[in-house]
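Here the structure comes first, spelled out in C-alpha cells, and everything after it is commentary.
The values are calculated or read from the model by the stated rules, or taken from the named source; none is laboratory data. Computed from a predicted structure; not experimentally measured. We place every Cβ from the backbone using ideal geometry, glycine too, and count neighbours over all the protein chains shown.
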Amino acid sequence: MTSQRVDAVSLSGIPFPTEGASLDPADWAALRRDAHRMLDEAIDDISGLRTQPVWTKMPQARRQALREALPEQPQGLAAAYDQFRETIRPYATGNRHPAFFGWVHGAGTVVGMLAEMLAASLNANLGGRDHAPIEVERQVIRWAAEMLGFPAAASGVLVTGTSMANMIGVLVARTQCLGPGVRRHGVGMSGLRAYSSAAAHNCISRAMDMTGLGTDALRLIACDEAGRMDLAALAEAVARDIDDGFKPFLVVGTAGTVDTGAIDDLSRLADFCAAHEIWFHVDGAFGALVRLSPTRRGLLDGIERADSVAFDFHKWAQVPYDAGCIVVRDPLIHRAAFASSADYLRRDVRGLAGGAPWPCDLGPDLSRGFRALKVWMTIKTYGTRRLGAVVDHSCDLAQYLARRVAVTAGLELLAPVALNIVCFRVIDVDGDLDTLNAEIVADLQEAGIAAPSTTKINGVVAIRAAIVNHRSTHADIDRLLEGVLAAARRHAGV
Ligand SMILES: *Cc1c(COP(=O)(O)O)cnc(C)c1O
C-alpha cells in the first residue's frame, strides 16, 4: 500500500478566538480538519522518506525566518504550521532516513508518533499521585527488568536518556557506599573512586563531574584489542587505589561501546565486583537491546547480575526521542538515593495524593511527562520478537558492510565488528588520510546521500556507520559504500 498524499494547502483558517482566557478553539470542527491535515502530512512525510535526501542543511534564509520578536498578537495555528512545514520539517536531523548511519540514532516509528500525540492529549504529570499513566510507567519498568533478567521487584524510572540514567547510577552507587547520610553532608574527602574502560561513553565522566565526585575520580582502564575493558588492568588499578587509601565504589561496564560496539566481559566484571563489594553498573545505552536478539543475546551474559543498568529506548528500540531508562536491582537503595521524607508520609494517603512510591522519588525530576506511553505502545504493538529481529537485522547489515569493506580495494576495516558498528576508511590515496576521510563523510552528508559519522580508532580518523535504523536495507549499505568510493575518486581527481 502506498500512501495517499494530501495536497499541500494551508490550514482551513483560525479556529481559535483571538481573545479571552480559554485557549481552546471556538470552532472544534475546523480544528479537527486542521488536525487531520497535519497528521496526514506527517504520515506522507514519513512514508515518503526514501525519496528525500537524508539531510538538508538549513539555509541561512530559513534560519533567519525563525528569528522574530516575541509575538504579542496571535498569528494563528495556520501561520505556525506553515512555518513548521517550510522552515523546520525539511531540515531535521535525518535519523528517520534509512541511509542515516551517524552516531547511534534511533529512527522512530509511526506507532511512537501516535503515542506521543495521545500522551500529549492527556497532559499527564508523572512526578507522582495516583493515576493510570504512572501504572503504565511501572509496567514499562517491569518489562525492562524482565528483558534484562532482573528480579521482578527491581526499581526503575524513565529519564531523558542514558546520560541521565548513568548519572542516577552513579548517585545510587554513591549512596550505597557512603549511606544515605551522604545526601546531607556530601561526599567530602571520602576518596570515592570509579572505574570504566577507556572506551566508555564520556557521559560517565560527565556524571562524575555533575555529581561532585570529579572526573579525576574516574579511572579509565585500558582496553584489549577487541575494545573490552582489560580485567587485569582493572584489578591492578583497584588494588593500587585501595593501597593509596581510596575507596573503590563503582565499576561501569559497557555493553556496546559507542565507537565500535564492543561489549565488556560482563560476567567476569560481575564476579570481580561481587568479590570486592563494588557496585556494578552497566551502560547498555543501545547494547542492552541485544537481550531481545535470539541469536546474539549470549553476548550480554552477566548483565542480569548488575546492580543497575542504564539504557535507551530511543536508540535500538526505535521509540521516538527522548526515552532513557535506569533499572536498579534493589528498590530500597534506589529510593534511599532520591526519596524525600514526604515519600514515607504518603504511604496511607487517600485520594489523588496517594499511590506512593512516586517516580519523583527515583530520580531528580519532579514534574515529568508521559514518556512511558510511547515505550509501552511500541513494545505492545511490535512485541519483543519483532524488536529483537530489528536488532539482528542491524547486526547482519553490519556484517555485510564489513565483508564488503574487506573485499574492496582502497578500503580498510579499522575495528572488529561486535554488533552494529562498522569503522573503516579509505586508503591508498595520496595526501592526509584523516582529512580525506573526514571530507568524504561531510561530502556524503551534504549531498544527502548517506549520513555516516566519524570517530578515531587507534589515532586515525574512521568513517563510522552505526546501523540502528529498522528501515535500513542492504541497498542502503550499498548506497553508503558507493557514495564513499565515488567521493574518494573525486578527491583523488580520477
Ligand atoms: C548514546 C550513548 C550514551 C548517551 O545516551 P543519551 O541517550 O544520548 O544520553 C551513553 N552511552 C553509550 C554507550 C551510548 O551509545
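In segment 292-323, of all residues being outside any loop (DSSP other than H, G, I, E, B) and among the hydrophobic types (A, V, I, L, M, F, W, C), the one that is farthest from the ligand (Cβ to nearest atom) corresponds to LEU292. All of ALA207, ALA217 fail the test of being in contact (Cβ under 8 Å) with a residue 12 or more places away in the chain, more than 22 Å from ASP271 (Cβ to Cβ), crowded, with 19+ Cβ neighbours inside 10 Å and away from the ligand (no atom under 16 Å from the Cβ), apart from ALA217. Which residues, taken from segment 368-382, are in contact with a Lys or Arg (Cβ under 9 Å, 6 or more places away or on another chain) and among the aromatic types (Phe, Trp, Tyr)? Selection gives nothing.
Among the residues examined, ALA262 qualifies as modelled with pLDDT of 95 or more, crowded, with 24+ Cβ neighbours inside 10 Å and at negative phi.
In this structure, is ALA198 at pLDDT 95 or above, surrounded by fewer than 18 Cβ atoms within 10 Å (Cβ to Cβ) and small (Gly, Ala, Ser)? Taking the combined requirement at face value, the residue satisfies it.
Residues checked against (1) within 16 Å of the ligand (Cβ to nearest atom); (2) modelled with pLDDT of 95 or more:
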{"residue": "PHE100", "(1), (2)": "yes, yes"}
{"residue": "GLY108", "(1), (2)": "yes, yes"}
{"residue": "VAL111", "(1), (2)": "no, yes"}
{"residue": "GLY156", "(1), (2)": "yes, yes"}
{"residue": "ARG174", "(1), (2)": "no, yes"}
{"residue": "MET189", "(1), (2)": "no, no"}
{"residue": "ALA194", "(1), (2)": "yes, yes"}
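Could you tell me whether any residue of segment 260-277 is within 16 Å of the ligand (Cβ to nearest atom), over 23 Å from SER394 (Cα atoms), assigned by TED's automatic domain parsing to the domain that holds VAL170 and assigned to a helix (DSSP H, G or I)? Yes, segment 260-277 contains at least one residue that is within 16 Å of the ligand (Cβ to nearest atom), over 23 Å from SER394 (Cα atoms), assigned by TED's automatic domain parsing to the domain that holds VAL170 and assigned to a helix (DSSP H, G or I).
Can you tell me which residues in segment 59-92 are within 29 Å of the chain's Cα centre (by Cα) and farther than 21 Å from LEU23 by Cα? Residues satisfying the conditions are PRO59, ARG62, ARG63, LEU66, ARG85, GLU86, THR87, ILE88, ARG89, PRO90, TYR91, ALA92.
Inspect all residues belonging to segment 204-221 and state whether any of them is touching a Phe, Trp or Tyr at 6+ places or on another chain (Cβ under 9 Å) and either closer than 26 Å to ARG368 by Cα or assigned to a helix (DSSP H, G or I) (or both). Checking segment 204-221: at least one residue is touching a Phe, Trp or Tyr at 6+ places or on another chain (Cβ under 9 Å) and either closer than 26 Å to ARG368 by Cα or assigned to a helix (DSSP H, G or I) (or both). Restricted to helices (runs of 4 or more DSSP H) entirely inside segment 48-165, those with at least 1 residues that are buried (at least 16 other Cβ atoms within 10 Å of the Cβ), of a type in the set (Val, Ile, Thr) and touching a Leu at 6+ places or on another chain (Cβ under 6 Å) are 132-148.
Is at least one residue of segment 233-251 within 26 Å of VAL468 (Cβ to Cβ), within 16 Å of the ligand (Cβ to nearest atom) and buried (at least 22 other Cβ atoms within 10 Å of the Cβ)? The answer is no, given that none of the residues of segment 233-251 is within 26 Å of VAL468 (Cβ to Cβ), within 16 Å of the ligand (Cβ to nearest atom) and buried (at least 22 other Cβ atoms within 10 Å of the Cβ).
Among the residues of segment 354-362, is any on the phi < 0 side of the Ramachandran plot, free of Cβ contacts under 8 Å to residues at least 12 places away in the same chain, over 18 Å from the mean Cα position of the chain (by Cα) and part of a helix (DSSP H, G or I)? Taking every residue of segment 354-362 in turn, none turns out to be on the phi < 0 side of the Ramachandran plot, free of Cβ contacts under 8 Å to residues at least 12 places away in the same chain, over 18 Å from the mean Cα position of the chain (by Cα) and part of a helix (DSSP H, G or I).
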